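Trainee: Please see the structure below; I have some questions.
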Amino acid sequence: MTHQPDLTLGRRAMAMIEDLAQHTDEYGRLTRLYLSPAHRAAADTTLEFMRRAGLRAHIDALGSVVGRLEGANPEAPALLIGSHIDSVVDAGRYDGNLGVVLGIVVAEALKAEGITPSCPIEIVAFGDEENVRFPTNLSTSYALAGRYDPAWLDGRDADGISLRDALLEFGGDPLGIASLARDPARYRGYLEVHIEQGPQLEARNLPVGIVSAINGITRARAYVIGEAGHAGTVPMNMRRDALAAVAEMIGIVERASSTRNDTVATVGVAQVQPGAINVIPARVDFTLDARAPDDAVRHAMVEDIVTECEAAAQRRGVSFTIEPFMESPATPMDRNLMAQLEEAVRSLRIEPMRLASGAGHDAVAIANLCPAAMLFVRCKGGISHNPAESITIEDADTAARVLFEAVKRIVA
Ligand code: HGY
Ligand code: MN
Ligand code: MN
């Protein structure tokens, strides 16, 4: 009779996930952007979770929630565990949040088993991993690595609000950012548990997997300007139709990213002006998100896309401008921490599968502070960035027990 886990840890995690899912900026769907009222409410809830778990917890100058469990030797390099509680628009409830609540569940389990870690354990709920509201790149986790770009404070959201003003409104402190930088000598490693957001674990019928590397990302804004005109009178061969040009450019993006099976590129936003049924589109602003496991491959792909879009613009008599605003490097995970995770997975008699991450994560930023590793959790159909995102309580429980086993090994 195989040991049927009592699912206590999974139940605990799912209950906290449900509590957090109530905090949204949009009625009827989950949208929780960095420094929004919903982010503040979720941060306060996370603070409460951490304190109830016996952690010394606070919300830092950038809105991250930080909980600390002192170890036998408070001076020993700490173990960092975390993920993010901000979301995309109309999001699923597990992206990011799962890694935060599992860290808290493991802290509770250590206490319940009377285990005092040899070193401190810090659990962090980052607030700006999705970079949806402001033109930033993992700003709250880069701050811990001492790499916060002050220019991010001047970035503005769709309503023209600067990150600085939003931070002050949230109760943050722009002057307290520099002091968030952690001393690398005081951290032994970072573990992040996250839903896979892809179909591989489900295809292999595995509940968890170990991340080998995180893909690099280039994000850019592009602007195509043609000429508005009467939809009924201008002959097709005399138009400078900005939207028709962008339609061709989206085909270019698809083709350039489909030549290899490990590259992807997406046009996620396109705003058409003036946007009337009987007016030839004068201008289209759109975005590009391009990814690859190798930085040189990604840069070459973006260069191809730009060159071909410029030629298409030339042919069509429209202007094409593209402005990259975010570069995130491809990031290999730490071999030693990966081995610790693999041992923990094996201890639960699960085959340890390694897989790359197509999605970006706070681990990319924290890898500049200390060794970093990630555990992926199976999600239904690989669906994410979608309210249909879901995991089972059994897999949440398995992930919690793997994290618990790995943490016990690392802080023994
Ligand atoms: O876009 C990403 O890869 C992540 O979900 N922020
Ligand atoms: Mn995420
Ligand atoms: Mn995400």
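Trainee: Just name the residue that is farthest from S390 (Cα to Cα) out of those in region 96-121 that are open to solvent by 10 Å² or more (accessible area, probe 1.4 Å) and not in a helix (DSSP H, G or I).
Mentor: Filtering region 96-121 for residues that are open to solvent by 10 Å² or more (accessible area, probe 1.4 Å) and not in a helix (DSSP H, G or I), the one farthest from S390 (Cα to Cα) comes out as S118.
Trainee: A231 fails exactly one of the following numbered conditions: (1) over 26 Å from the mean Cα position of the chain (by Cα); (2) under 14 Å from V284 (Cβ atoms). What is the number of that condition?
Mentor: So the condition that A231 fails would be (2).
Trainee: Counting just the residues of region 34-65 that are within 20 Å of A166 (Cα to Cα) and part of a strand (DSSP E or B), which one comes out farthest from ligand 2 (Cβ to nearest atom)?
Mentor: Ranking the qualifying residues of region 34-65, first place goes to H58.
Trainee: Still on this model: Among the residues of region 70-89, how many are in contact with a Pro (Cβ under 8 Å, 6 or more places away or on another chain), crowded, with 24+ Cβ neighbours inside 10 Å and either free of Cβ contacts under 8 Å to residues at least 40 places away in the same chain or small (G, A, S) (or both)? Step through it out loud before you land on a result.
Mentor: Filtering region 70-89 for residues in contact with a Pro (Cβ under 8 Å, 6 or more places away or on another chain) gives 70-72, 74, 76, 78-79.
Keeping just the survivors that are crowded, with 24+ Cβ neighbours inside 10 Å gives 78-79.
Cutting the leftovers down to either free of Cβ contacts under 8 Å to residues at least 40 places away in the same chain or small (G, A, S) (or both) gives us 78.
Matching residues across region 70-89 total 1.
Quick grid of which residues meet (1) outside any loop (DSSP other than H, G, I, E, B); (2) modelled with pLDDT of 95 or more; (3) in contact with a strand residue (DSSP E or B) (Cβ under 7 Å, 6 or more places away or on another chain); (4) surrounded by fewer than 17 Cβ atoms within 10 Å (Cβ to Cβ):
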residue	(1), (2), (3), (4)
R240	no, yes, no, no
G251	yes, yes, no, yes
G275	no, yes, no, yes
F286	yes, yes, yes, no
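Trainee: Next question. Looking for whichever is open to solvent by less than 20 Å² (accessible area, probe 1.4 Å) and touching a strand residue (DSSP E or B) at 6+ places or on another chain (Cβ under 6 Å) here; the options are A330, A372. Which one fits? Even if it seems obvious, please write down each step before you answer.
Mentor: On the way: A330 fails: open to solvent by less than 20 Å² (accessible area, probe 1.4 Å).
Being open to solvent by less than 20 Å² (accessible area, probe 1.4 Å) and touching a strand residue (DSSP E or B) at 6+ places or on another chain (Cβ under 6 Å) holds for just one of A330, A372, which is A372.
Trainee: So, one more: Which numbered condition trips up H23, out of (1) in contact (Cβ under 8 Å) with a residue 60 or more places away in the chain; (2) open to solvent by 30 Å² or more (accessible area, probe 1.4 Å); (3) more than 16 Å from ligand 3 (Cβ to nearest atom)?
Mentor: (1)
Trainee: While we're here: Going residue by residue through region 290-303, is there one that turns out to be part of a helix (DSSP H, G or I), free of Cβ contacts under 8 Å to residues at least 12 places away in the same chain and either under 14 Å from N215 (Cα atoms) or touching a Ser or Thr at 6+ places or on another chain (Cβ under 7 Å) (or both)? Before the answer, list the steps.
Mentor: Going residue by residue through region 290-303, those that are part of a helix (DSSP H, G or I) are 295-303.
Among the residues that remain, those that are also free of Cβ contacts under 8 Å to residues at least 12 places away in the same chain are: 296, 300, 303.
When the remaining residues are screened for being either under 14 Å from N215 (Cα atoms) or touching a Ser or Thr at 6+ places or on another chain (Cβ under 7 Å) (or both), the result is 296.
The answer is yes; a qualifying residue exists.
Trainee: Is it the case that region 103-118 has a residue that's away from ligand 2 (no atom under 14 Å from the Cβ), modelled with pLDDT of 95 or more and within 28 Å of T218 (Cα to Cα)?
Mentor: No, region 103-118 has no match at all.
Rundown of residues vs (1) among the basic types (K, R); (2) within 16 Å of ligand 1 (Cβ to nearest atom), yes/no style:
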residue: L79; (1), (2): no, no
residue: V89; (1), (2): no, yes
residue: N97; (1), (2): no, yes
residue: R133; (1), (2): yes, yes
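Trainee: How do the pairs read when you match residues in region 52-69 that are not assigned by TED's automatic domain parsing to the domain that holds V124 with residues anywhere that are at pLDDT below 95, using Cβ under 9 Å and keeping only pairs 6 or more apart or on different chains?
Mentor: Sorted first by the residue in region 52-69, then by its partner, the list stays empty.
Trainee: I've got another one for you. If I ask for residues that are farther than 19 Å from N131 by Cα and either away from ligand 3 (no atom under 16 Å from the Cβ) or surrounded by fewer than 24 Cβ atoms within 10 Å (Cβ to Cβ) (or both), which ones from region 376-390 would you list? Even if it seems obvious, please write down each step before you answer.
Mentor: Of the residues in region 376-390, the ones farther than 19 Å from N131 by Cα are 376-383, 388-390.
Residues satisfying the conditions are R378, K380, G381, G382, I383, A388, E389, S390.
Trainee: Just to be sure, is N368 more than 16 Å from ligand 3 (Cβ to nearest atom) and either charged (D, E, K, R) or assigned by TED's automatic domain parsing to the domain that holds Y190 (or both)?
Mentor: Values: more than 16 Å from ligand 3 (Cβ to nearest atom): yes; either charged (D, E, K, R) or assigned by TED's automatic domain parsing to the domain that holds Y190 (or both): yes.
Yes.
Trainee: Which members of region 192-219 meet the condition of being within 15 Å of ligand 2 (Cβ to nearest atom) and either polar (S, T, N, Q) or on the phi > 0 side of the Ramachandran plot (or both)?
Mentor: Q197, N215
The values are calculated or read from the model by the stated rules, or taken from the named source; none is laboratory data. As the structure is a computational prediction, the values presented were derived from the model and not from experiment. In this analysis, Cβ positions are derived from the backbone assuming ideal geometry, glycine residues included, and neighbour counts consider all displayed protein chains. Only protein heavy atoms, including side chains, enter the accessible area calculation; ligands, DNA and RNA are left aside. Shrake-Rupley method; radii C 1.70, N 1.55, O 1.52, S 1.80 Å.
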